[in-house]
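Taking it in order: structure first as structure tokens, then the write-up.
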Amino acid sequence: MTRRSCAIYATGFVSAHLLIVGIALVVAQVFQTMIHSRLKKEITLTEKSQVFESWKNPPPPVYMEYYFFNVTNPEMFMAGGKASVKQIGPYTYRLVLIFSIAIMNELNSYSFFLRTLVSMYINSLGVEMFMTRTVHEVLWGFKDPLLTKVHSLKPEVDEYFGLMWKKNGTHEGEFVFHTGEQNYLDYGKIDTWNGLREMSWWSSNQSNMINGTDGAVFHPLINRNELLYIFAADLCRSIHLAYVEDVDVKGIQAYRFAPPNDVLMSPKNNPTNAGFCVPAGDCLGTGVLKVSVCREGAPIVVSFPHFYQADPAYINAIDGLNPNKEEHETYLDLQPTTGVPIRACKRAQLNIILKRVKGFPKTKNITETIFPIMFVNETATIDDESAGQMRSLLLIVTLVSNFPVLIVGLGIILLLVFLVLFCRNRQKKNEVKRIDFTEAFHSFATAKDDTAYTPVSDKTDESSETPASQPMKNGSYIAMSPVEAQKC
């Protein structure tokens with residue numbers, strides 16, 4: 001066997017083994033199982049400490065943008081007309097904002113006599129229902145003359161008002177998280193919040209449950225069909241996110257999850273939300289959530305910006321609102337293999353409930369509604385350095401996971417090479433045999449043409465031997481000599 005033949009059969013041998021091993025690995029999913037087991041591996045105490053440190057000081061920059069609603073027709077609104085607002089911001093404009101009405105809602109539980117005294121005091125101070133304040137004052141607080149008077153009557157009421165008053169440098173509470181040691185699906189889930197495993201201010205056990213993570217981390221190997229749960233401390237409740245679409249963030253493939261319509265849906269359409277009506281049966285419409293039960297102060301209602309996904313009645317009650325998905329949706333973009341959020345956008349709007357207050361004549365004509373104050377756009381995106389590291393990690397994971405497929409592919413390539421070489425070798429052998437046969441036939445024909453034949457004489461010679469003096473002639477000679485017969 002020639003070297004060429006040995007090389008050809010060696011190629012076929014190797015390709016067959018690669019195909020057998022590769023197909024076996026693909027069927028058994030050995031490498032996929034190995035990668036998944038590694039991703040599901042329990043976090044050691046050291047790793048857990050590093051993870052929590054990264055949660056405490058996350059590398060991606062977080063941007064906070066504040067937008068406010070400036071009331072452009074306060075006199076018309078106080079006379080009973082529809083309020084008109086204009087979105088302004090962030091941080092650069094002065095605004096007209098309702099504060100006194102919020103205070104009046106706080107005083108609504110007081111006696112009629114006390115409310116009348118407060119109303120007279122407000123008139124004496126010349127305080128109107130609308131006041132002009134800077135963005136800095138609205139965010140970080142200012143001393144309100146009306147609150148100062150209320151404070152003198154009720155010391156527990158703070159005389160300063162600000163959306164972020166006494167909140168700078170604070171946190172959302174103390175969390176204890178699961179490490180996923182027993183089940184990787186529990187990784188990052190909240191065990192307790194401020195020492196609690198469930199809340200008490202909502203009106204049903206289901207609504208009081210603390211479900212999911214804090215939104216900073218999720219379990220690995222996320223699929224499109226699951227619901228992800230988040231405990232939102234600023235909403236005092238848990239919400240769920242559903243898959244929306246595949247997205248690309250700095251070259252990293254991710255799944256986008258967002259709150260579906262049923263999260264803030266009215267109990268009439270989603271009975272499971274009845275537990276968020278406090279007191280029981282006192283429910284708001286779709287798209288809003290009253291959080292005053294867990295927040296001290298004015299009756300604050302939370303929604304998505306511009307009442308996105310809310311009942312059209314709230315949107316139509318005020319001119320100047322334009323809800324849309326692109327600008328007002330809250331979402332998380334998660335890398336499904338690792339469960340790491342690589343882009344997040346949290347958008348929430350603060351509103352107050354406007355009601356007529358007996359004893360306050362200035363409120364007798366206002367339209368009772370949920371009035372928007374401001375909304376926050378909180379965004380974070382993975383930085384370029386971390387994105388590069390993630391792309392490298394995912395490339396390694398992809399190569400390792402698909403290694404059996406690469407083996408099968410290499411086996412198929414070698415099989416094709418073997419077939420080509422084998423066919424060419426057979427073809428060459430057939431050509432050589434054809435050439436040898438042609439040459440042999442040609443030699444035989446040439447030899448036949450060059451051969452001379454002399455007929456053998458049928459006459460009997462006198463002597464059986466040719467005389468030595470007689471010259472030899474061309475032709476064939478047959479010598480015959482007597483032989484004794486053999487007996488059987």
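The values are calculated or read from the model by the stated rules, or taken from the named source; none is laboratory data. From a predicted model like this one, the values you see are computed outputs, not experimental measurements. The area values use the complete protein model at the heavy-atom level, side chains included, leaving out ligands, DNA and RNA. Shrake-Rupley method; radii C 1.70, N 1.55, O 1.52, S 1.80 Å.
Accessible area of region 60-382 with a 1.4 Å probe: how many percent of it is carbon plus sulfur? Could you put the intermediate results ahead of the total?
Details: 7990 of 15250 Å².
Ligands and nucleic acids excluded, carbon and sulfur reach 52 percent.
Hey, which of these cross-link pairs are over 30 Å Cα-Cα: Lys82/Lys166; Lys154/Lys346; Lys86/Lys250; Lys86/Lys154; Lys143/Lys358?
Numbers: Lys82/Lys166 34 Å; Lys154/Lys346 36 Å; Lys86/Lys250 34 Å; Lys86/Lys154 35 Å; Lys143/Lys358 26 Å.
Too far apart for the 30 Å limit: Lys82/Lys166; Lys154/Lys346; Lys86/Lys250; Lys86/Lys154.
On average, how much accessible surface per residue is there in region 192-315, in Å², for a 1.4 Å probe, leaving out ligands, DNA and RNA?
Details: 5390 Å² over 124 residues.
Result: 43 Å² per residue.
Give the relative contact order (percent, whole number) for region 227-311; include only Cα pairs under 8 Å separated by 6+ residues.
Numbers: 125 pairs, mean separation 15.8, N = 85.
Relative contact order for region 227-311 comes out at 19 percent.
Looking at the square roots a ≥ b ≥ c of the eigenvalues of the Cα gyration tensor of region 60-382, which shape do they give, rounded for a/c under 1.5, prolate if a/b is larger than b/c, or oblate? Please report the intermediate quantities before stating the final value.
Details: a/c = 1.96, a/b = 1.74, b/c = 1.13.
In terms of gyration-tensor shape, prolate.
Given axes a ≥ b ≥ c from the Cα gyration tensor, I'd like to know whether region 273-362 is rounded (a/c under 1.5), prolate (a/b larger than b/c) or oblate.
Details: a/c = 2.51, a/b = 1.74, b/c = 1.45.
Because a/c hits 1.5 or more and a/b exceeds b/c, region 273-362 counts as prolate.
Per-residue HN-Hα couplings for region 204-211, Karplus 6.51 cos²θ - 1.76 cosθ + 1.60 at θ = phi - 60°, whole Hz, x for Gly and Pro?
Working through the residues one at a time gives 8, 5, 5, 5, 7, 6, 9, 10 Hz.
Per residue, how much accessible area does region 346-408 have with a 1.4 Å probe, in Å²?
Values: 3050 Å² over 63 residues.
I get 48 Å² per residue for region 346-408.
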